[in-house]
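Trainee: The structure's right below; bear with me while I get my questions together.
The values are calculated or read from the model by the stated rules, or taken from the named source; none is laboratory data. Worth saying up front: this structure is predicted, and the values here are computed from it rather than measured. FYI the Cβ positions are ideal-geometry reconstructions off the backbone, even for glycines, and counts take in every protein chain you see.
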Amino acid sequence: MAANRRNGTASEAHGLDDILAAAAPHPRTALPNVATTVTTVAALYFGREVFLPIAIALLLTFALAPFVSALKRVGIPRIAAVIASVLSAFAALALFSFVVATQVSELAQNIPVYQTNILAKIRSLKETGVGGGIIARLSSVVERVGQEIDRQDATLPAATADKPPREPVPVEIVARERPLEVLQNIVGPLISPLGSAGLIIVVVIFMLLEREDLRDRFIRLVGYGDLHRTTEALQDAAKRVGRYLLMQLVVNIVYAIPIAIGLWILGIPNALLWGMLALALRFVPYIGPAIGMLLPLFLALAVAPGWSLVLWTAALFVVMELVTGNVVEPWLYGSRTGLSPLAIIVAAIFWTWLWGPLGLVLSTPLTVCLVVLGRHVPQFEFLDVLFGNEPVLEPHARLYQRLLAGDPDEATDHAEEMLEEKYLVEFYDKVAIPALLLGERDRVRGVMGDLQRRQVAASALALVANLEDDAKEEAAEDESPEAGEPGDAADEDEAELPDGTGMSLLCAGGRGELDDAAAAMLAQVLEVQGATASKAGFADMEPASIRRLELETIDTVVVGFLNRDSVKHARFLVRRLKRAKAALRVGIVFWSETGNGDKEAADKLAQDINADFVAHGMVDAVTGALSNEPPVALKLVAKRRMRRPRAAPRKVPAAAAS
C-alpha cells in the first residue's frame, strides 16, 4: 500500500493536468528547413551587389530618422529636412575618407625613413636570441631549407646543366597611352564606389521621404493580422538600431579623440590618421579595437630606437579601452543591443564571409534587426532564440533542468542571482515549487524513473541546504530596525507574512521524495519568519510511523502534496494526526504553480477533509501555519454496523413434533 501511495496511479494524471496547465512546455520553435536556409544565404551572397547598398541605406535611414524628425519639429519642411540630413551625413563621410586617404599617402612616403630603426630592432632581437633563441632557431630552419633546395638543384641531369646559357634578349618598353586612356585608368577604379555611394544616397532619401508609406506596406505584407505586434516590432527595431548607431558613434568619438591626442604627444607620426581609424574600426565588435592598436604599435616600433615608445603606446590603448568599456559605454547606453556575446562574434564571421569588410562593419546592426524581427514575428522566433541575450527557458524550467541533471551547484547560482532581487518565499513560490511540479508531472507521465526522481529530490534538498546562509541573512534583515521599510523586491503579500516567533511546526511530504523537497522549502521559509520548523519525510506519514512522531511540542503540522489528486490521502493523514494529538493544528498544501488560489474553495476543501487550513501557494501555507486560530476538532464519523441476518426457523418434522 505504501508503494502504491508513493508512486500514484494513472488516474493522477487528470488532476495534474488541471494544475500544471501553465507549466506546460513552450511550443517548440520551428526552424527553417535546409532548402530555405541555403536559398536565402545564396541569394544574399550572389546578390550582394544589390542587397549591400540596400542594407547600408536601411541602417542609415534608422540612424538619420531622429534628425529628420528633429528638423521637422523646428519647422523645416520634410523634403528640406531629409536632403539636409542626408547631405550632411555623406559630407561628413566624404571628409573623413579624404583625410584618411591624405594621411595614408603621407605615411606611405615616409615608410622608407623608418627602415633603419626596424632593421636595428630586428638585429637586437636576433642578438638576444643567440644560443637557442626563437629567432636563431627560425633562421637555422630557413638556412637548412635553402641548403636542401640548393642540393636538389645540383643533382639535376648533366645534360640540362651542360646547355650553354641563352643570351638575354633586349626589351624596350615604349609607352603609347593616349590621354583618354590615362583618364580612363584613373577614373575607372572610382566609378564603382562613387556609383554605389550615389545609389545609397538616393535610396536613403526616398526611404526617409516614404518612411510612413514603407511602414504601412510592411505591416500589410507581414503583420496585417496583428497590427499591435508589427507596430511594436518596427518601433523596437528603429529604437534599438538607431540608438545603437548613434551611441556607438558618440562612444567611438570619445574613444578616438584621446587616442589621437595621446599619440601626438608621444610623437607617433600621423596621429590624426590613427585616431580616425580607431573611430571607424571600433564599429567592428571585439577585433576592431585590436586592429586599430596594431598599426600604431608597429609604427612606434619603427620610429624610435628603443622600446619605451611601444610600451607607452600599448598602455594608452589599454587604458582607453578599459575606461571606455567600463565607464563611457555603461553611462551612454540606455539599453543594450539585445545580442549575446557569442552571437556578435558569429554574426561578424557570417557577414564578413557574405559581404566582405563592409559586412563586418554592418554585422551588429543587421543582426539586431534580425533579433527584433524574431522577437515580435512568430515565424522568425528562431532568430531571437539563436542570437538574443534573453533567457530562452523560463526560470522554473531552467531550475528543473539543473535539478534533473543533478547539478545543485549551478541551480544554487541561479537561485542566488534571483535572490538579489527577490525574497526567499517569492523564489520558492514562483520558481522552485513550479520546478518540482514539472518533475511530478513527468513522474505521472511515466517518463521519470525512480532513480531520476530520487536524484531530482536530492538535488532540490541540496539546493535548500545551500540557501541556508541566504535564509539566515534574510531573517537577520527582518529582525533589524530597518526591516519595516519596504525593499525594492518586496511586494504586498511578502510584507504581510506573520511573525512565527515562539511557534513550533512540523513540515512533511505527502506521498514521495519530491513532496519532501517542497516541505523542506516551506520549513526554511517558516524559519525565516522566526518559527521553529522541523522536517519529516513521506515515510514518516505512514500509519505505523505517525505514532512514533514526537508531537508533544509541535503546534502545527503542514503536509504538502505536489499531486492535487491526493484529497483522500490528505483526509486520511489529517485524521491520523489529530488522533495522535487532539490539540494539533493540521494544514494541507496542494502545491500549484499559479500560487494562492480561491480562498472560498480552499476553506470548503478544508472543512471537507477536516483540516485547519488548505493552501495552494507558499504565502497561504506560511500564513495558515503561523495562524493563532484554535485547532479544528476531529469530526466523528458515524459507523453503520452490519446486522447479522437472523437465522431461518428450523422446520421440525411432523413426526418429531408429535
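Trainee: Just to verify a result, which residue in the stretch 517-526, among those that are under 23 Å from residue 545 (Cα atoms) and within 32 Å of the chain's Cα centre (by Cα), is surrounded by the fewest Cβ atoms within 10 Å (Cβ to Cβ)?
Mentor: Only one residue fits best here, namely 520.
Trainee: Conditions: (1) modelled with pLDDT of 75 or more; (2) under 28 Å from the mean Cα position of the chain (by Cα); (3) part of a helix (DSSP H, G or I). Residue 240 meets all but one. Number of the miss?
Mentor: (1)
Trainee: Here's a follow-up. Looking only at the stretch 582-629, count how many residues are in contact (Cβ under 8 Å) with a residue 24 or more places away in the chain and surrounded by fewer than 17 Cβ atoms within 10 Å (Cβ to Cβ).
Mentor: Residues in the stretch 582-629 being in contact (Cβ under 8 Å) with a residue 24 or more places away in the chain and surrounded by fewer than 17 Cβ atoms within 10 Å (Cβ to Cβ): 6 in total.
Trainee: Kindly list, by first and then second residue, each pair from a residue in the stretch 95-120 that is closer than 21 Å to residue 194 by Cα to a residue that is polar (S, T, N, Q) and at pLDDT 75 or above, limited to pairs with Cβ atoms under 8 Å and residues at least 6 apart or on different chains.
Mentor: Going by the 8 Å Cβ cut-off, the qualifying pairs are 103/270.
Trainee: Which condition number does residue 410 fail, the rest of (1) of a type outside the set (Gly, Ala, Ser); (2) crowded, with 19+ Cβ neighbours inside 10 Å; (3) free of Cβ contacts under 8 Å to residues at least 40 places away in the same chain being met?
Mentor: So the condition that residue 410 fails would be (2).
Trainee: For residue 560, which of the numbered conditions (1) more than 26 Å from residue 462 (Cβ to Cβ); (2) touching a residue at least 24 places away in the same chain (Cβ under 8 Å) fails to hold?
Mentor: (1)
Trainee: Can you name the residue in the stretch 309-368 that is within 30 Å of residue 48 (Cα to Cα) and of a type in the set (Ser, Thr, Tyr) and is also modelled with the highest pLDDT among such residues?
Mentor: Per the criteria, the residue is 352.
Trainee: Same structure, new question: Limited to the stretch 552-596, what total is found for residues that are of a type in the set (A, V, I, L, M), under 48 Å from the mean Cα position of the chain (by Cα) and not in a strand (DSSP E or B)?
Mentor: Count: 7.
Trainee: Does the stretch 499-514 contain any residue that is free of Cβ contacts under 8 Å to residues at least 60 places away in the same chain, acidic (Asp, Glu), surrounded by 18 or more Cβ atoms within 10 Å (Cβ to Cβ) and within 24 Å of residue 424 (Cα to Cα)?
Mentor: For the stretch 499-514, residues free of Cβ contacts under 8 Å to residues at least 60 places away in the same chain, acidic (Asp, Glu), surrounded by 18 or more Cβ atoms within 10 Å (Cβ to Cβ) and within 24 Å of residue 424 (Cα to Cα): absent.
Trainee: Further question: Name, by its number, the condition in (1) surrounded by fewer than 21 Cβ atoms within 10 Å (Cβ to Cβ); (2) more than 15 Å from the chain's Cα centre (by Cα); (3) modelled with pLDDT under 75; (4) not hydrophobic (A, V, I, L, M, F, W, C) that does not hold for residue 390.
Mentor: That leaves (2) as the condition not met.
Trainee: Still on this structure: Filtering the stretch 527-547 down to residues that are out of contact with any Asp or Glu (no Cβ under 8 Å at 6 or more places or on another chain) and in a loop (DSSP other than H, G, I, E, B), which residue is surrounded by the fewest Cβ atoms within 10 Å (Cβ to Cβ)?
Mentor: 547
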